[in-house]
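All of the numbers you see were taken from the coordinates with simple rules; none came from a lab. Please read these numbers as outputs of a predicted model, since none were measured by experiment. Here Cβ is always computed from backbone atoms with ideal geometry, including for glycine, and neighbour counts include all displayed protein chains.
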Amino acid sequence: MTRTWRRLTDRLNGKQDPEVLYEELPDHLAVPVRQWALQAMSNYVLVGLVCLRLRLPSRVLNSHSPEETLANYVDKSNPMIFMEIIDVLLAGLADTNPYSQGSRGATARELRQELDFILTEGGSAYMVNPDQNGLCRRVNETLRQSLEAAVQAADKQSQDGGTHLREAFAAAYGISPNPSAAYSHSVKAVEAVANPIFLPKSPEPTLGAVRSTLDQGRNKYEMVVQDRTGAPAGINAVVELLNLLWHGQRDRHAGGPTSQ
């Protein structure tokens, strides 16, 4: 977590261990998060979207106050249901003008900031994702900044590189993680940047072909970073990183002992 506040007893005891993060919707977060959901739905028409996307029973929309019914919704068979509701509400808010005021005065941007504050102060394992359109698992600020720097660098080189990096992050840290999709988008992000540079005329450029090109032509390239002699370093490290990324994607083909 990015905050450094600690309760008095922890400070007095010199406790330095990272704070335990809370999964699902713990009791101490239930009231403020549900109140936030009611505020979001009272400002923007989002109840129908949530019910449709999460396939919620018709009793929600048929109730006297669908907003209040949804804000207090409980499903004992799915302890993550309310975090999923919040996730869909954020997706709905992302489709609105972030600076336009809702029916009760709150802007989408203000609502997202308020939710992120509640989740952070309450020690939730989740936070508003970097794209502001859903929840993801909480990551430290260094990783968050690294992602943004990588996305900006990729966007300068290719049209799709940054998009694939964002998709990879969402798949890795979303409330329903998908490691295979995260890895696949990571490979595509590298391909989006590397293929036009190293395989500009290839009809079917791939990460494997980039890897082979650099592996076979190590003497043709050098890095801006200098080695310990002060000369431009070779590209061995880059080739090994590409090898690791290429060999690590074990689920490209099914049926093998290491395909998952």
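Please state the shape class of the chain: rounded when a/c is under 1.5, otherwise prolate if a/b exceeds b/c and oblate if not, all from the C-alpha gyration tensor. It is prolate, given that a/c is not under 1.5 and a/b is the larger ratio.
Rounded to the nearest 500, what is the 222 nm mean residue ellipticity of the chain from helices alone, with -39500 (n - 2.57) per DSSP H run of 4+ residues and division by all residues?
Helix contribution divided over all residues of the chain: -16500 deg cm²/dmol.
In terms of other Cβ atoms within 10 Å, 246, 5, 36 run from fewest to most in the order 5, 246, 36. With θ taken as phi - 60° and the Karplus curve 6.51 cos²θ - 1.76 cosθ + 1.60 applied, the whole-hertz 3J(HN,Hα) list for region 209-214 is 5, 4, 4, 5, 4, 6 Hz, x standing for glycine and proline. Proximity of backbone amide H atoms, modeled 1.01 Å from N, is registered between residue 126 and 138 at under 5 Å, excluding neighbours fewer than 5 places apart on the same chain.
In this structure, residue 24 and residue 99 have a Cβ-Cβ separation that, at R0 = 35 Å, corresponds to a calculated FRET efficiency of about 0.60.
Just subtract the alpha-carbon distance of residue 78 and residue 141 from 0.36 nm times their residue separation and send over the number in nm, one decimal. Contour length minus Cα-Cα distance gives 19.7 nm. Ranked by the mean number of other Cβ atoms within 10 Å per residue, highest first, peptides 151-162, 126-137 order as 126-137, 151-162. Going by a ≥ b ≥ c, the root eigenvalues of the Cα gyration tensor, does region 142-188 fall in the rounded group (a/c under 1.5), the prolate group (a/b larger than b/c) or the oblate group? In terms of gyration-tensor shape, oblate.
Across region 231-241, rounded Karplus estimates of 3J(HN,Hα) from the backbone phi angles (6.51 cos²θ - 1.76 cosθ + 1.60, θ = phi - 60°) give 8, x, 5, x, 9, 4, 5, 5, 4, 5, 5 Hz, Gly and Pro being marked x. Put simply, the amide H of residue 107, placed in the peptide plane, has neighbours under 5 Å in 102, leaving out anything fewer than 5 places away on its chain.
Here the average projected area of the convex hull drawn through the C-alpha atoms of region 178-237 stands at 5.3 nm². Across q = 0.24, 0.32 Å⁻¹, region 22-72 modelled as identical point scatterers on its alpha-carbon atoms has Debye log10 I(q)/I(0) values of -0.94, -1.18, in the order of the q list.
Exposure proxy shown here: for 82, 198, 117, the number of other Cβ atoms within 10 Å sets the order, fewest to most, as 117, 198, 82.
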